[in-house]
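**Q** Here's a structure for you.
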Amino acid sequence: MEGHGRSSERTGGRGIGSGPWSEASRAGHYGRKPVLFAVDGGSESFRTIQYELRKRYGNDYRLMSESSARWGLKRLEELKAAGEEVALVLADQWMPDMSGAELLARVRNIFPTAKRALLQVWGDRSTQRPILQSMTLGHIDYYVHKPERPGDEHFHRMVSEFLYEWAATHRPGFREIRVIGEQWSGRSHELRDILRRNGILHEFYPPDHPKGEALLARVGRIPERLPVVVLYDGTVLEDPSNVELADAFGINRSLRHREFDLVIVGAGPAGLAAAVYGASEGLSTLVLEGEAVGGQAGSSSLIRNYLGFPWGVGGAELARRAAEQAWWFGATFHFMRHATGLRREAGKLVVSLSDGTEVVGGAVIVATGASYRRLDVPALEALVGSGVFYGAAVSEAQAMQGREVYVVGGANSAGQAAMHLSKYASRVTLVVRGSSLTRSMSAYLIKEIEAAENVDVRFDTRVVEGSGEGRLERLVLENRTSGCRETVPAAALFVLIGAEPRTGWLPEEVVRDEQGYVVTGQDLVQPGRFAGKWPLQRPPLLFESSLPGVFAAGDLRRGSVKRVASAVGAGAIAVHLVHEYFIKSSLGADDPGPTRTRRPDFAGASDSTPGGGGAA
């Protein structure tokens with residue numbers, strides 16, 4: 001490790017290498033090791049930290065340290081000017097010239113994507129307040145206890161967690177897919193978003209980039225039918241559909257069985273939780289997903305208020321873990337197939353799929369969630385994927401380096417997108433129709449937004465127009481109070497507003513309210529506009545729809561709480577209700593109609609992994 005008092009090495013400023021969307025586009029394809037930087041004012045602890053970091057991480061990272069906060073800042077600014085990458089900065093809270101909290105707040109502006117952690121001595125209660133304050137403002141990711149002895153695994157566990165999270169974005173390993181496509185093509189954006197949300201490591205090249213040209217020449221293709229997708233095994237696909245890509249990649253195998261105890265439609269938090277509990281409790285379980293695991297939550301860059309993750313967890317990472325957990329319990333996943341119909345036939349439930357096939361379930365849990373509401377501005381709809389994005393802040397963030405971008409929305413998803421984009425964009429403006437964020441956004445996110453130097457909020461404002469040559473270049477904003485309009489330059493617009501339940505494919509027998517949310521449970525029998533919609537003598541179960549045996553879980557259910565934890569809980573509860581439904585059905589409680597004499601045992605064993613080389 002370079003000791004304090006030495007000047008930092010200069011790198012000559014390597015530039016970005018392989019196009020704005022490449023997963024491997026930083027630091028000239030890893031020409032230099034990333035930097036692990038520590039600042040500590042205590043002579044003994046300084047030497048211990050130096051030793052521990054050098055011993056464990058010296059082969060893969062350049063280790064630098066300073067005993068002064070101001071010298072540390074100076075060296076970090078030199079590293080920035082030289083085009084170096086910094087993966088992690090550790091700083092002691094109590095230093096004579098500057099506190100660690102203040103230092104790391106400044107580091108956020110120098111290296112916004114670096115992980116930042118305060119160093120704490122075991123038992124030092126005086127650091128609690130600055131730690132909590134810094135986390136609330138988004139200045140640090142978490143804290144790390146200083147090593148107490150050689151090989152202190154508690155210290156290394158925390159450091160390793162930070163490096164793992166940083167490397168997932170900046171140092172992905174084997175890339176399973178390479179894509180050559182036009183940078184601002186809507187289809188290119190869709191592919192990038194689906195691949196990222198499914199956890200598939202990939203890189204993207206424009207056709208006029210040297211690496212894109214070389215790859216096209218190597219596989220014998222010309223840039224006339226883009227995008228071109230090259231798989232890890234050499235398979236080449238020209239402008240593939242999502243289904244063709246999924247099947248070629250190997251995440252779907254032919255279903256050996258078409259009948260299951262439980263069919264789950266949708267692999268968002270509710271569907272994944274139902275898959276984990278259903279499969280673990282012995283139900284043969286099939287999960288159908290038309291896009292990517294995680295649903296809307298899967299596109300969240302960082303969920304800070306989910307139970308058990310004190311420094312937050314990415315939505316895609318949470319979904320990947322849940323999908324893998326369900327698969328290990330025996331659930332079968334079938335991707336890129338949308339449910340197009342649902343009917344009862346011979347006492348069972350039949351789900352029609354977009355590929356023309358059908359699957360049968362003893363019970364069905366509908367967990368297709370909701371999609372972001374459209375802006376209904378024709379000029380902007382024409383630019384979707386070409387600078388206008390619904391969600392997708394994570395997959396497109398790195399392409400926004402040094403640009404001005406806008407985010408529409410006032411809820412948590414919009415706040416998370418704004419904070420993630422602020423790591424890359426020169427300025428992020430949050431456009432909010434209302435006059436305040438307090439009703440719709442968590443307090444921790446509001447504080448982070450207020451503390452971010454490059455994030456602005458425009459209240460009582462809506463986007464009414466946009467334009468550009470082949471991609472978004474400008475927006476027209478209107479103040480809802482005064483009616484005044486303003487044209488502003490914009491490289492991108494990220495829309496995260498409202499929610500429209502994905503229930504249009506359901507049959508008329510499944511009652512929905514005027515907004516499309518599925519009506520369930522007691523709402524079907526209590527006096528009111530839905531009274532009389534329940535067809536049986538027995539009362540409906542809690543999440544049961546008006547089609548007996550079909551349950552709604554998650555955001556699409558009328559009256560549901562729109563939170564990830566709530567959706568997970570609903571998925572687990574739905575499985576309990578499925579068991580109860582099987583019991584009632586076997587006792588003849590669902591008469592008139594075929595009487596079930598036993599819970600179905602279709603032995604639909606696990607036929608496919610939840611993501612092949614990427615989704616799990």
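Just so it is clear, none of the values below were taken in a lab; they were calculated from the coordinates. Note that this is a predicted model, so its numbers are computed, not measured. Every residue, glycine among them, receives a Cβ derived from its backbone with ideal geometry; neighbour counts consider all protein chains shown.
**Q** Could you tell me which residue out of ALA69, ALA87, SER299 lies farthest along the dipole of the chain toward its positive end? Charges go on the beta carbon: Lys and Arg +1, Asp and Glu -1, centred on the Cα centre.
**A** The one lying farthest along the dipole's positive direction is ALA69.
**Q** Quick one: if you stick a label point 7 Å off each Cα along the C-beta vector at LEU536 and ASN109, how many nm between them?
**A** Spacing of the two 7 Å Cα→Cβ label points: 6.3 nm.
**Q** Would you calculate the volume per residue, in Å³, of the smallest convex hull containing every Cα atom of region 246-337?
**A** 96
**Q** Can you list which of the trypsin sites (Lys or Arg not before Pro) found in region 394-442 are DSSP loop residues with at most 12 other C-beta atoms within 10 Å?
**A** Answer by residue number: ARG439.
**Q** Here is a further query. Scan around VAL287 for amide H atoms under 5 Å from its own, H built in the peptide plane at 1.01 Å from N, and keep only partners 5 or more places away or cross-chain.
**A** Those qualifying (amide H under 5 Å, at least 5 residues apart or on another chain) are ILE264, THR332, PHE333, HIS334.
**Q** With the cut-off at 18 Å, report for region 116-215 the share of all Cα pairs above it, as a whole percent.
**A** The proportion of pairs with Cα distances above 18 Å equals 65 percent.
**Q** Report the calculated FRET efficiency for LYS562 and SER467 (r = Cβ-Cβ distance, R0 = 30 Å), to the nearest 0.05. Mind dumping the intermediate values first?
**A** Values: r = 33 Å, r/R0 = 1.10.
It comes out at approximately 0.35.
**Q** Moving on. At q = 0.13, 0.18, 0.21 Å⁻¹, what is the base-10 log of I(q)/I(0) for region 182-301 according to the Debye formula with one equal point scatterer per Cα and no solvent? Please give it to two decimals.
**A** -0.64, -0.99, -1.20
**Q** Using 0.36 nm per residue of separation minus the Cα-Cα distance, give me the extension gain between CYS484 and ASP513 in nm, one decimal. Before the final figure, lay out each step's value.
**A** Numbers: separation 29, 0.36 × 29 = 10.44 nm, distance 3.64 nm.
Roughly 6.8 nm would be gained on extension.
**Q** How large is log10 of I(q)/I(0) for the chain at q = 0.12 Å⁻¹ when the intensity is taken from the Debye formula with one equal scatterer per alpha-carbon?
**A** -1.27
**Q** Cut-off under 24 Å on the C-alpha distance; same-chain residues fewer than 8 positions from LYS348 excluded. Which lysines are left, in chain and number order?
**A** Reachable lysines: LYS533, LYS584.
**Q** For the Cα atoms of the chain, what angle does the longest principal axis make with the long axis of helix 564-586, in degrees from 0 to 90, nearest 10?
**A** Compared with the principal axis, the helix lies near 20 degrees.
**Q** Moving on to the next point. Angle, helix 43-57 long axis vs. longest principal axis of the chain, Cα atoms, 0 to 90°, nearest 10?
**A** So the helix axis and the longest Cα principal axis differ by about 60 degrees.
**Q** If you don't mind, there's one more thing I want to ask. Please work out how much length the chain gains when fully extended from TYR164 to GLN128, using 0.36 nm per residue of separation minus the C-alpha to C-alpha distance, in nm with one decimal.
**A** Working it through step by step, the gained length comes to 10.4 nm.
**Q** Taking region 486-575 on its own, what percent of its Cα-Cα pair distances exceed 20 Å? Working shown, then result.
**A** Working: 1686 of 4005 pairs.
Summing the P(r) of region 486-575 above 20 Å gives 42 percent of all pairs.
**Q** Please state, to two decimals, what the Cα-based radius of gyration of region 551-590 comes to when divided by 2.2 N^0.38 Å (N = residues).
**A** After normalising by residue count via 2.2 N^0.38 Å, the value is 1.36.
**Q** Next up: In terms of the ratio Rg/(2.2 N^0.38 Å) built on C-alpha atoms, what value belongs to region 340-429?
**A** Normalised Cα radius of gyration, region 340-429: 1.61.
**Q** Quick check: convex hull over the Cα atoms of region 27-157, volume per residue in Å³, rounded to an integer?
**A** 99
**Q** I'd like the orientation of helix 69-81 relative to the chain: the angle between its Cα long axis and the longest Cα principal axis, in ° from 0 to 90, rounded to 10.
**A** So the helix axis and the longest Cα principal axis differ by about 70 degrees.
**Q** Calculate I(q)/I(0) for region 184-230 by the Debye formula, one identical point scatterer on each C-alpha and no solvent, and give its log10 at q = 0.17, 0.24, 0.31, 0.33 Å⁻¹ to two decimals.
**A** Results for region 184-230 at q = 0.17, 0.24, 0.31, 0.33 Å⁻¹ read -0.51, -0.92, -1.21, -1.26.
**Q** What percent of all Cα-Cα pairs in region 400-525 falls into each 5 Å bin, going from 0 up to the bin containing the maximum distance?
**A** Going from the shortest bin to the longest, the percentages are 2, 10, 18, 17, 15, 12, 9, 8, 6, 3, 1, 0.
**Q** For the chain, what's the relative contact order in percent, using C-alpha pairs closer than 8 Å and at least 6 residues apart?
**A** Normalised by residue count, the contact order of the chain is 13 percent.
**Q** Stretch SER436-TRP94 to full length: gain in nm at 0.36 nm per residue minus the Cα-Cα span?
**A** 119.4 nm
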